[in-house]
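The block underneath contains the structure these notes are about, expressed in structure tokens.
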Amino acid sequence: MSSTLIQEPIAKFSQPDSKPSSSSRPGAGDREYQAWVANGPKQQMVLADLQQGPLGQEEVEIAVEHCGICHSDLSVLNNEWGISQYPAVLGHEVIGTVTRLGPNAKGLKMGQRVGVGWNSGSCMHCHQCMSGEHHLCPEVQATIVGHRGGFASHLRSHWAWAIPLPDKLDFAESGPLLCGGITVFAPLAMHAKPTSQVGIIGIGGLGHMAVKFGAAYGCEVTAFTSSDSKFDEARGFGANHVVCSKDSDAIKKLAGTFDLLISTVNVKLDWDNMINSLKPNGRLHVVGAVLEPISVAAFSLIMGQRSVSGSPTGSPVGIETMLDFAARHNITPQTEHFPMSKINEAFARLQSGEAHYRIVLDADF
């Protein structure tokens, strides 16, 4: 059931034009659409009629077909990070088709299928943007904080952040690649080689994709999981070895094994034990948003010349490269689907920990 009309400020990078775009469809001014809105932390989302202002000169509007639910959506819904802005339209793993283009939007065409991930805009002129690291822009626009996300009939984005999708992708399954996928692909691309020994800590929404990417890249992959029930499944994703992450003795036996460890979990680990499993010059790379400080003994790093690092998602080019790699190797996340009208039930399943492993909402407005 639709609620009353809600009006919010246009996103930071909308760059609204005083005149309708000649390259857009008719009616390029104010436009109504529907979205699932969170009006406060830990509240159920309600379907609402919203209004957008004029399409920005460098914006693209996308009709949403599918949108994954990421644990980050849950964190922002509940304001776990203290950055949420309400009312909020969440959803940042968007698959859809271009329906309108601003006059200065480049490289896209009407009806083209594109994806939008964690970010939907950046300044396009700072050192980071000009260096191709748009995701590190100090003014980068998160898709679901201060901007309306993809749990909606339509989404807007800067043209550079609307990534064309390879034809070989399974579009209905690919939404989670746009956030979770690039999050785990980026450290592999930066720090691994096909000859690397790679450990993936956590076989969940992020970790299962990391195993698939690492195996396809040619690495020897060890999966760490706290759940014995996931051992066989991790091997099915491509892991060569599986280790219980709660078994300190088993981890100690792996001392000096890994070139790269990617931690995808948001819980405290035996960090010193994990660091000691690295080879000299090895790296522990953190992409799971663990809220507690990571305590590591300095000598564990110094004597082995090891590193601890982290990264967010990736640049537009990084996302495009990841999607091409996924299409080439037929990599898709393991998903469950809900109609978007069942969004609150889907979030409850995610919060319960029962999702296996990513949830995708199919638009049914």
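Quick notes
Residue by residue, here is whether (1) in contact (Cβ under 8 Å) with a residue 24 or more places away in the chain; (2) in contact with a Leu (Cβ under 9 Å, 6 or more places away or on another chain); (3) in a strand (DSSP E or B); (4) surrounded by fewer than 16 Cβ atoms within 10 Å (Cβ to Cβ) holds:
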site	(1), (2), (3), (4)
L47	yes, no, yes, no
Q51	yes, yes, yes, yes
V60	yes, yes, yes, no
G68	yes, yes, yes, no
L108	yes, yes, no, no
G115	yes, yes, yes, no
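- Taking the criterion of being surrounded by 13 or more Cβ atoms within 10 Å (Cβ to Cβ), of a type outside the set (A, V, I, L, M, F, W, C) and out of contact with any His (no Cβ under 7 Å at 6 or more places or on another chain), the residues of segment 273-297 that qualify are N273, N276, S277, K279, G282, G288.
- Taken over segment 70-84, the criterion of being β-branched (V, I, T) and open to solvent by 20 Å² or more (accessible area, probe 1.4 Å) is satisfied by I83 alone.
- Test: residue in segment 301-317 that is surrounded by 15 or more Cβ atoms within 10 Å (Cβ to Cβ), at pLDDT 95 or above, under 26 Å from V267 (Cβ atoms) and of a type in the set (D, E, K, R): yes
- The one condition in (1) surrounded by 15 or more Cβ atoms within 10 Å (Cβ to Cβ); (2) not in a strand (DSSP E or B) that L260 fails to fulfil: (2)
- Within the option set G214, G199, G236, G204, being crowded, with 24+ Cβ neighbours inside 10 Å, small (G, A, S) and outside any strand (DSSP E or B) holds for one residue only, G214.
- Inside segment 217-226, residues that are open to solvent by less than 30 Å² (accessible area, probe 1.4 Å) and either among the polar types (S, T, N, Q) or not in a loop (DSSP other than H, G, I, E, B) (or both) make up a count of 5.
- Test: L269 is farther than 16 Å from Q197 by Cα, crowded, with 20+ Cβ neighbours inside 10 Å and either under 25 Å from the mean Cα position of the chain (by Cα) or of a type in the set (F, W, Y) (or both): yes
- Residue match in segment 150-161 (condition: touching a residue at least 40 places away in the same chain (Cβ under 8 Å), open to solvent by less than 10 Å² (accessible area, probe 1.4 Å) and over 21 Å from Q34 (Cα atoms)): yes
- V242 being surrounded by 19 or more Cβ atoms within 10 Å (Cβ to Cβ) and more than 29 Å from H154 (Cα to Cα): yes
Residues are listed down the side, and each one gets a yes or a no for (1) without any contact (Cβ under 8 Å) to a residue 60 or more places away in the chain; (2) part of a strand (DSSP E or B); (3) under 17 Å from G318 (Cβ atoms):
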{"site": "I83", "(1), (2), (3)": "no, no, no"}
{"site": "P103", "(1), (2), (3)": "no, no, no"}
{"site": "Q128", "(1), (2), (3)": "yes, no, yes"}
{"site": "G146", "(1), (2), (3)": "no, no, no"}
{"site": "P166", "(1), (2), (3)": "no, no, yes"}
{"site": "A172", "(1), (2), (3)": "no, no, no"}
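The values are calculated or read from the model by the stated rules, or taken from the named source; none is laboratory data. What you are looking at is a predicted structure, and each value in this text was computed from that prediction instead of being measured. Note: ideal-geometry Cβ built from the backbone for every residue, glycine included; neighbour counts use all protein chains shown. Note: accessible area is taken over every heavy atom of the protein model, side chains too, but ligands, DNA and RNA are not part of it. Shrake-Rupley method; radii C 1.70, N 1.55, O 1.52, S 1.80 Å.
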